[in-house]
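What follows is a set of notes on a single structure, which appears directly below.
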């Protein structure tokens, strides 16, 4: 039990490295949450500061999940069964996303965790990562809405976690991540249904 608690704490603290907030405060003297759509993440960084800043934020958010999960692998891989290790890696990834979405020092107002999820998948299983990335890219390009691309991503994460014979614990964590993403994107989905959401291509053209 202590191992699960420590893995969760490590993941949460790694997730709390909020690059969009830190870069915004450091280089733009602005709180990213007061700009654009109010989200502290890569997509709003593109909207508010331009695609170059957005790319840096995306890479940092992906990287923090990769580093956290690789650290868990290094310390625990030789001490436990493969299935239990995978459960812990998925748990760590979930808490990286929770730390990103709800950082304690930002009054629990963070981002939506998409880039961190991609980092998590990249560190755990490249097959799931490739399928998920293809899903988000294809749907985003086809529709122009990154929120719909993200819905495709989290759906595919659940399906592929099950398909590649991960434990039910991993599948349940994947479902929790998918539901959390759906909740964080609820406003975007509402705007899409009402034809009020700005397409990502339009926001990039403005920068």
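General observations
- Surface/4 estimate of mean projected area, convex hull on alpha-carbon atoms of the stretch 1-118, nm²: 7.1
- Over the chain, equivalent-ellipsoid semi-axes from the Cα gyration tensor in Å: 28, 20, 14
- FRET efficiency, 1/(1 + (r/R0)^6) with R0 41 Å, evaluated for residue 171 and residue 26 via beta carbons: 0.55
- In degrees, nearest ten, helix 2-15 long axis to first principal axis of the chain (Cα): 20
- Along its three principal directions, the equivalent ellipsoid of the stretch 70-144 from the Cα gyration tensor extends over semi-axes of 25, 20, 7 Å, largest first.
- Summary of the geometry: the stretch 90-130 and the stretch 131-182, compared by the centres of their Cα atoms, lie 13 Å apart.
- Between 0 and 90°, nearest 10: helix 51-76 axis offset from the chain longest Cα axis: 10
- Degrees separating the helix 126-143 axis from the principal Cα axis of the chain, which is the longest one: 20
- With kT/(6 pi eta Rh) evaluated at 25 °C and eta = 0.890 mPa s, and Rh the Kirkwood radius from Cα pairs, the stretch 93-190 diffuses with a coefficient of 182 µm²/s according to Stokes-Einstein.
- The relative contact order of the stretch 82-207 comes to 23 percent, based on Cα pairs under 8 Å that sit 6 or more residues apart.
Bear in mind that the values in this text are calculations on the coordinates, not laboratory data. For clarity, every value in this text was computed on a predicted model and none was experimentally measured. Quick reminder, even Gly has a Cβ in these numbers, built from the backbone with ideal geometry, and neighbours come from all protein chains shown.
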